[in-house]
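The values are calculated or read from the model by the stated rules, or taken from the named source; none is laboratory data. Please read these numbers as outputs of a predicted model, since none were measured by experiment. Ideal geometry is used to build each Cβ from the backbone, glycine not excepted, and the neighbour counts take in all protein chains shown.
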Amino acid sequence: MRSTALLTFLVVFLSTATSLAMADTDVAELSKETIVLFSETQKIVEDMQSSAASLLPTYLSFQGVPLSNPEYQLPNIKIENLPTAAMDNDTFLNHTDEIRLKNNLYFYSAIVEFLKTTMAEQEDLNPQSLTAKFEEAMANSNTLISKISAIMTQMGLSVTITFPEPLVVPYVGSAFFKKKLRGGVICKEYKERVLLTKREFEFFAKKYHEQLVQPQEE
C-alpha cells in the first residue's frame, strides 16, 4: 500500500517544483525512514501555519494602546540572541542540508525559551491570559525539534547546539513597554520562521523527489 506521507511529500514537490531553483546539488541517499520523517515534518509545518500566523495579532490585541491599535506596526528592533528568519534568496538557495536543518533546530530550540519568557511576563502584564496560545506554539516547536533531530540523526548529522548564556537577556526594572514590544517581535519571528521552514521543506521535496518516486511505484 502506498504511504500517505510519501504521497503528500511528492504532491507538494509537483506543485512547487517550477518555483524552486536548485543550488545544493549534493543529493544524499536517504533511507525510507528519513523520507517519511521529511514528509511528516512538512505536514506538521503546514498545519502550524494558521496558529503561527494568528499568534502575533492575538498577542498585540491584548497589549493595550498603541500596540492593540489595528494599524499598529511593530518597530524594527533587534532582540538580543533572538534568531531571525530574515534571509535573502541567494543565501537560502546556497545552504547545505546540514545548515538548513541545523538552523531550524537552533531556532525552534531557542524560540521555546523566548516564548516561555514572554508567557511568564504576560502573566504579570496582562490580566487576560494568553497562556494557551503560547503553550500551543511551544508544543508545536517541540514537535519540530523532535522531528528535525530525528532527521539529522538518520542523516548522520550532529544535533548538538549551544546557546549564549543567558539566552534570554532579562530587562532591568519594570520595563513594561519593552517587554510588550519584545513579546511582539518574538511572535513575529516565530510566524516568519514557520513560513521559512515550510519553504525549506518544499525545497527538500524538490531536491529528493527522485527518491520519493521509487517508493510510490513499489
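Within segment 134-163, residues that are loosely packed, with under 15 Cβ neighbours inside 10 Å and part of a helix (DSSP H, G or I) reach partners that are β-branched (Val, Ile, Thr) and at pLDDT 95 or above with beta carbons closer than 7 Å, at six or more positions or on different chains, in the pairs ASN142/VAL112; THR153/VAL159.
Could you list all residues from segment 164-188 that are part of a loop (DSSP other than H, G, I, E, B) and among the charged types (D, E, K, R)? Let's see the steps before the verdict.
As a first pass, look at segment 164-188 and keep what is part of a loop (DSSP other than H, G, I, E, B): 164-175.
Across segment 164-188, the qualifying residue is only GLU165.
The set of residues in segment 55-95 being assigned to a helix (DSSP H, G or I), in contact (Cβ under 8 Å) with a residue 40 or more places away in the chain and within 25 Å of ASN126 (Cβ to Cβ) consists of LEU55, LEU56, THR58, TYR59, LEU60. Of all residue pairs spaced 6 or more apart or on separate chains, those with beta-carbon atoms under 6 Å, a first member in segment 165-188 that is in contact (Cβ under 8 Å) with a residue 60 or more places away in the chain and a second member that is polar (S, T, N, Q) are LEU167/ASN81; VAL168/THR117; LYS180/GLN63; GLY183/THR118; ILE186/THR118.
Can you pull out every residue in segment 69-95 that is surrounded by 10 or more Cβ atoms within 10 Å (Cβ to Cβ) and under 26 Å from ALA139 (Cα atoms)? Show your work before the answer.
Within segment 69-95, the subset surrounded by 10 or more Cβ atoms within 10 Å (Cβ to Cβ) is 69, 72, 74, 77, 79-87, 91-95.
Within segment 69-95, LEU74, ILE79, GLU80, ASN81, LEU82, PRO83, THR84, ALA85, ALA86, MET87 qualify.
When you scan segment 101-117, do you find a residue that is under 23 Å from VAL27 (Cα atoms) and among the charged types (D, E, K, R), even just one? Taking every residue of segment 101-117 in turn, at least one turns out to be under 23 Å from VAL27 (Cα atoms) and among the charged types (D, E, K, R).
From (1) under 13 Å from the mean Cα position of the chain (by Cα); (2) not in a loop (DSSP other than H, G, I, E, B), pick out the condition that doesn't hold for GLU123. Failed condition: (1). Each residue in segment 40-53 was checked for being among the hydroxyl-bearing types (Ser, Thr, Tyr) and exposed (fewer than 15 other Cβ atoms within 10 Å of the Cβ), and 1 of them qualify.
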